[in-house]
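Pasting a structure below so you can have a look.
Derivation of every value follows stated rules applied to the coordinates shown; laboratory data play no part. Since the structure is predicted, the reported quantities are computational estimates derived from the model, not experimental observations. Positions of Cβ are backbone-derived with ideal geometry, glycine not excepted, and every protein chain shown enters the neighbour counts.
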Amino acid sequence: MTTNRTTWGFVNMIRGCVKLLALGLISTVCLGTSPAQAQNDYEALYNRYLYHYVGVPARSAAMGGAYTALKGGDMALYGNPASLGFQKDTYLSVKGGLRDVSSDSSLDIGGFSDVSTINNDLWDAGLGLVYPFEWGALSVSYDYSKDEADSDSFNILGSRFKTSSELERHTISLGGGYSINECWAIGYRYSFITWDRDSVLRDVGAFVPTTVASWSDDFDGHRNHFGTQYEYGAYRFGLDGMFGLGDSSNDAAGDSDRDEWGVRGGAAYDFSEQFPMLVTLDLSFDNRDQDGGGFNNSEDLFGVHVGAEYEAVENLFVRAGYMYEDYSYDDDANAFKADAGISGYTAGLGYSWNQFTLDYGFMFMDVGGDGDLVHVFNIGYHF
């Protein structure tokens, strides 16, 4: 009996070590870049989903991700909350999206182990409602997203392993906007974000692939979003900021805090008196920190978002844009650092028919590897 207990204790210890080693390797690919690794933009593109990201509507996605100075429809639900102050009619929105993001390089730690690329397929669906009052409007929205991730096989201690994970994310948002006068509005939006992820490590080097370990992690976050907008003739200006506090728990690594704050400013100009075109520009800065559970990470992201919208024929809008993100990542716990400059191109269409609106946005982030592709659509009804 003593021998059996000792044997099982040794087996469990080995499994635990492999589990923690795999978790560390996966975290390295997802959250950092080692000196032996080529530039990896993966963490800059995917990590936002593990914090307080709420996404952008299709119109914004088609215009380089700019939204701060834009108003109307889905901007009131997902853009600058101050645009709620300018909302004049009741608006119901259905949205959906698909994002394909992959790591663009593999990891080699002194020949001891390697992790090949990881591919994530994220899709989401949501529903939102805006209800106006004399003084502004209130909004409520719900968004569900799911992420399925798989890695190529990688080496640990002479054998080959693969990982897979599934993440489900729920976001509930409540917002309100107040019109100070016909030119100036302010707004606030609160979002509760929760997700849980289950991961599995499989030994594929054995004759019969076997599950070696499994673990889960989850997150509960509170996002606070403030904004203001001002109109002066054909000019529109916007300023918004957010801060989010969140707690993450991993049954292998322990508990940690995932906090985030950001600020964004933008301007738009409407050429409608000359021809049916609008141009807009946003500048943004975001900071994300994870502390605890063996993590001590800090991310800084500066973004430039430029977009244009042109009414090609009556009620049909053609949109295009460009975005650039300068990303800096610092992991003190593992002495990893990364700096990346990522450019992206966007395009899309919008169409209005009676009380209905249909918008589609496409984004491509050029990361030098497989790329990062985003498709977003919104269907709206004004009544």
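Please compute the volume of the convex hull spanned by the alpha-carbon atoms of the range 200-282 and report it per residue in Å³.
On the way: hull volume 13.0 nm³, N = 83.
Spelled out: Cα convex hull of the range 200-282, divided by residues, is 156 Å³.
Follow-up. Give a residue-ordered list of calculated ³J(HN,Hα) values for the range 78-87 (Karplus: 6.51 cos²θ - 1.76 cosθ + 1.60, θ = phi - 60°; whole Hz; x for Gly, Pro).
10, x, 4, x, 5, 5, 4, x, 9, 6
Count charges around ILE379 for me, please; just the other residues with Cβ under 11 Å from its Cβ, Lys/Arg as +1, Asp/Glu as -1.
Neighbour charge sum, excluding ILE379 itself: -1.
Enumerate the calculated ³J(HN,Hα) couplings along the range 252-262 in order (Karplus 6.51 cos²θ - 1.76 cosθ + 1.60, θ = phi - 60°), each rounded to whole Hz, writing x wherever the residue is Gly or Pro.
9, 9, x, 8, 8, 9, 10, 10, 8, 9, x
Let me ask another. Please work out the FRET efficiency for the pair LEU283 and LEU245, using the Cβ-Cβ distance as r and a Förster radius of 25 Å; give the result to the nearest 0.05. Let's see the in-between values first.
Details: r = 25 Å, r/R0 = 0.98.
Plugging the Cβ-Cβ distance into 1/(1 + (r/R0)^6) gives 0.55.
A further question follows. When the chain is fully extended, how far beyond the present Cα-Cα distance does ALA312 get from ASP89, taking 0.36 nm per residue of separation?
Values: separation 223, 0.36 × 223 = 80.28 nm, distance 2.53 nm.
That pair, ALA312 and ASP89, stretches by 77.7 nm at full extension.
How large is ³J(HN,Hα), in whole Hz, for each residue of the range 142-148 in order, when computed from phi with the Karplus curve 6.51 cos²θ - 1.76 cosθ + 1.60 and θ = phi - 60°, using x for Gly and Pro?
Computed from phi, the couplings for the range 142-148 are 9, 9, 10, 9, 9, 10, 10 Hz.
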